[in-house]
1. Would a scan of segment 523-532 turn up a residue that is surrounded by 15 or more Cβ atoms within 10 Å (Cβ to Cβ) and under 30 Å from Leu599 (Cα atoms)?
2. Among the residues of segment 142-176, write down those that are of a type outside the set (A, V, I, L, M), surrounded by 15 or more Cβ atoms within 10 Å (Cβ to Cβ) and modelled with pLDDT of 85 or more.
3. Mind listing whichever residues of segment 473-506 are assigned to a loop (DSSP other than H, G, I, E, B), hydrophobic (A, V, I, L, M, F, W, C) and over 16 Å from Leu526 (Cβ atoms)?
4. Mind checking which residues of segment 233-256 are touching a residue at least 40 places away in the same chain (Cβ under 8 Å), not charged (D, E, K, R) and not in a strand (DSSP E or B)?
5. Might you check whether a residue that is more than 30 Å from Ser108 (Cβ to Cβ), of a type in the set (Val, Ile, Thr) and buried (at least 18 other Cβ atoms within 10 Å of the Cβ) occurs anywhere in segment 367-377?
6. Among the residues of segment 379-413, write down those that are over 27 Å from the mean Cα position of the chain (by Cα), of a type in the set (Gly, Ala, Ser) and not in a strand (DSSP E or B).
7. Of Gln604, Gln564, which residue is part of a strand (DSSP E or B) and in contact with a Phe, Trp or Tyr (Cβ under 7 Å, 6 or more places away or on another chain)?
8. Here's a check for you: in segment 424-451, which residue that is under 30 Å from Asn351 (Cα atoms) and either touching a residue at least 40 places away in the same chain (Cβ under 8 Å) or surrounded by fewer than 16 Cβ atoms within 10 Å (Cβ to Cβ) (or both) is farthest from the chain's Cα centre (by Cα)?
Amino acid sequence: MPMLWGAHDETLRCATASKRSWCRAVAWACGLLWLTLPFSLQAQDYVRPAADLDRLVQELFAEIQSDEVAFEDVYETLLLYYQTPLNLNTASREELRGLLLLSETQISALLDHRQQLGPLLSLYELQSITGFEQLRSIYRVAPFVTVQSGNQNDARGPLWQRIRHEDNNALFLRYERGLQARRGYASPDTTSTGRPLSRYLGSPDKLLVRYRVSHTRDFSLGFTAEKDAGEPLVWEPGKGRLGADFYSAHFVVQERGWLKTLALGDYQLQFGQGLLLSSGLQVGKGAETITTLRRSSLGVRPYSSVLESSFFRGAAATVSLHKSVRATAFFSAKKVDANQQFATDSLAQFNTFSSGISTSGLHRTVTELANRQRLHEAIGGGNVTYTSLGGNFAAGATAVGTHYGMALQRRPEPYNQFEFRGKDNVALGVHYSYVLGNVLFFGETARSSSGGLGTVNGLLASLATNVEASVLYRRYDRNFHTFYGQAFGENTHNINESGLYLGLKVRPAPRWEVTGYYDQFWFPWLKYRVDAPSRGHDYLLRLSFAPTKTSQLYVQVRSRTKDQNADLTPVRPVPQPVPTERRSLLLFYDAAPLSTISLRTRLQGTHYREDGATLHTGFLLAQDATVRLNRYLRLSARYALFDTDDYDTRQYAFEQDVLYAFSVPALAGQGTRTYALAEVKCTRHLTLWLRYAATQYRHQQVISSGLEEIGGAIRSDIKAQARYTF
C-alpha cells in the first residue's frame with residue numbers, strides 16, 4: 001500500500017490552519033483505501049479488534065525460560081490496557097511508552113502531529129504519521145487505543161452515576177482442580193516416631209472471585225478473593241482468616257482538577273526506571289529489543305492481580321503543583337509471610353528475626369500457615385517529577401522508607417554477607433529522560449541506607465527509518481537494597497550486578513525484520529550456588545517474515561552462558577564455579593488460512609552443557625489450532641511432543657488459557673502435552689470458558705515429588721470460568 005503514504009508528505013506541507021481541512025480530507029481519502037484491513041476502524045466509534053495477546057506474548061517474551069518471573073502480572077497489565085484503552089488524543093508521552101508497542105520515534109511523531117493539527121479525528125490518521133509506515137505497527141496498537149475528542153467524562157454526570165452506568169465492568173468466577181490425587185491430600189498419617197506427616201489442610205479446589213468496573217482516566221473500583229489449591233476455607237476473624245485466603249480491593253479516582261490520582265486500598269507504583277518502585281509491566285530481555293528496554297513513569301496504578309506480594313496496601317495520591325510539576329505521596333501497611341527464628345547466642349544482635357520473606361502466597365500446610373502474615377511491613381515515601389511542556393525532558397526524585405516489625409537476617413552463608421540486615425531501610429533516587437532528535441536518553445540512580453548505589457542508564461536511537469538501536473548500562477552494588485524495585489537486570493533482584501546491553505532492530509525490506517541483542521554481565525560478589533565472583537553473557541537473534549497480513553514466520557537463536565558451582569564429584573570435592581551454557585533454537589509459524597481458523601506451529605530445542613562436559617538436549621514440537629465456529633463459540637487446542645534429558649533442558653511454551661489466566665508449564669522428561677479450550681458467549685452479558693489440559697509421561701510411574709507427588713504417568717487439570725457484565 002505505498003500509495004497511502006503520499007498523504008504524509010501532504011500533511012507535512014500543511015503549516016497553516018487554512019490547510020488543515022485539506023489535510024484531514026487527504027487522510028480520510030486514504031482511509032477509504034484501508035478497508036481491506038481485517039478490522040473496522042470507524043471514526044471515534046470504531047470497533048476495536050480483539051487483542052491477539054497470544055502473538056503479543058510471543059513477541060515480547062521471546063523464549064520463556066524461567067518459572068520465577070511473574071509473567072501473570074505482565075499479561076494482566078496488557079489485558080487492562082485492552083479493557084481501558086488509551087486515548088491517543090490525550091495520552092502523555094509516558095503513557096504511550098507504557099504500552100511497550102510504540103517506538104520513541106513513533107511517539108514523538110504522534111505528539112507532533114497532535115500539536116500541529118490538533119486531535120485526531122480517526123484512527124485512520126495514524127497512516128499519515130511518520131513511523132507508522134508498517135501496517136503491522138497499527139495492527140499491534142489498535143486493540144489498546146481509542147480516538148476521542150474532548151473530555152468525555154464531563155458529560156457523564158457525578159462519579160457515582162458514572163460508576164453505576166459504566167459498561168466496562170465484569171464479575172469473574174473461576175474454578176480449577178487437578179484431577180489426579182496428590183500425596184499432600186492423603187488421609188492423615190504419622191511417621192515412625194509418631195509425629196504427623198505434613199499434608200495439605202484444604203481441598204484441591206482453586207477458587208477465584210473478581211469484580212472490576214473502570215473507565216480510562218476517570219476511576220477504577222474492584223475486589224478479588226482467591227483460595228489456592230490445598231488452602232483451607234476457614235472463618236476465624238480473630239486470626240485474620242475470613243474464608244478465602246487472599247483478599248484484595250482498590251478504589252482509584254483520576255483527573256479531578258489538581259488531584260490527578262487518588263488510590264485507596266491496593267495499588268502499585270512505578271517511577272523512573274523501576275530501580276526503587278516498579279509495577280508489574282516488566283518484560284526484560286526478549287525479542288523486542290528496543291521498546292521494552294526503558295521503563296515508564298506511570299505513577300500510581302490500581303492493583304487487581306492475584307499475586308500476593310507485589311503491591312502496596314494503604315493510600316497514595318498524585319497532585320499537580322504546576323503545569324510541569326507533579327508530586328506523589330504514599331503510605332502502605334500490611335503483613336507479609338515470613339518465618340520467625342530465635343537467637344541461640346545471648347550476644348546476638350537480634351533476639352528474634354526472620355531469615356527471609358516468602359512471596360509464594362501459598363498457605364496449605366501447618367508450616368506455611370504458621371508463617372502467614374507474621375511480619376508487619378510499613379512503607380512510606382513519595383516522588384516529585386518535572387516534565388517540560390513538550391514532554392521531551394523529565395526529571396524527578398524518589399524517596400522510599402521501609403520498616404519491618406521484626407529484623408531480617410539471612411542465613412550466615414558467605415553469599416549472604418552483604419544482604420539487607422535489620423528493620424529499617426531508606427532509599428533515595430533521581431531519574432531522568434530526555435529526547436534529543438531521534439535519541440532518547442534515560443536513567444535512574446539510587447542509594448540505600450547501607451551506602452550501596454544502584455544505577456541504570458541507557459539510550460534508544462533511531463539511526464534510520466528502518467534501523468533502531470539501544471544501549472543500557474547498569475550497576476547494582478553488592479550492598480544496594482531495594483525491596484519493590486525491579487529495574488533491568490539479569491538477577492531477580494537489583495543487587496550484586498553490572499552489565500552492558502546492546503540491542504538492534506532492522507527492517508531490511510517490507511515484511512522482513514531482524515532483531516537481536518547482546519548482554520554482558522558481571523557479579524562482583526558470591527551468589528547462591530556460585531562460590532566466587534562470576535560473569536556471563538546472553539545473546540539473541542531473531543529473523544521474522546510476514547508472508548501475508550495474517551501470517552508470520554520467524555526463527556530465533558538464543559544463548560546464555562553463566563558460571564555455576566560444578567556438581568560434587570570425586571574430581572571436584574569442593575564446589576567450584578564453572579561456565580554453564582544453555583542454547584536454544586525456536587521456529588514459529590502463525591497463519592490464518594481462513595478468517596475463522598488460526599494455526600500455529602512451534603518447534604524449539606535446547607542444549608545444555610556444564611564446563612564442556614556431557615551435552616544434554618531437549619526439544620518440543622507443538623501444533624495449535626483455533627476455530628471460531630460462529631460469533632458465540634470459539635475453540636482452541638494444542639498437541640505437543642516433548643523429549644528432554646533432564647530438568648536442565650526443560651521446555652517452556654506459552655498456552656492459551658481462560659481470560660485473565662496465564663499458563664506456561666515446565667515440561668521435562670518424555671511425553672505429550674495437550675489442552676482444549678472452549679469459549680462460549682451465552683448471552684450479551686454472560687461468557688463461559690472451559691479448559692482441560694493433560695501431560696502424559698512415558699517411562700515414568702511417578703510424577704513430581706514431596707506433597708505434589710502423583711502416582712501414575714498422567715497429570716491433568718480442569719478449569720472453568722464465567723464472566724458476567726452488568
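1. no
2. Pro143, Phe144, Thr146, Arg162, Glu166, Asn169, Phe172, Arg174, Glu176
3. Scanning segment 473-506 gives Phe483, Ala487, Phe488.
4. Gly240
5. no
6. Hits for segment 379-413 are Ser388, Gly390.
7. Gln604
8. Looking at the filtered set, the residue picked out is Gly451.
The values are calculated or read from the model by the stated rules, or taken from the named source; none is laboratory data. Just so it is clear, the structure is predicted and the values come from calculations on it, not from any experiment. As a convention, Cβ positions derive from the backbone with ideal geometry for all residues, glycine included, and neighbour counts pool all protein chains shown.
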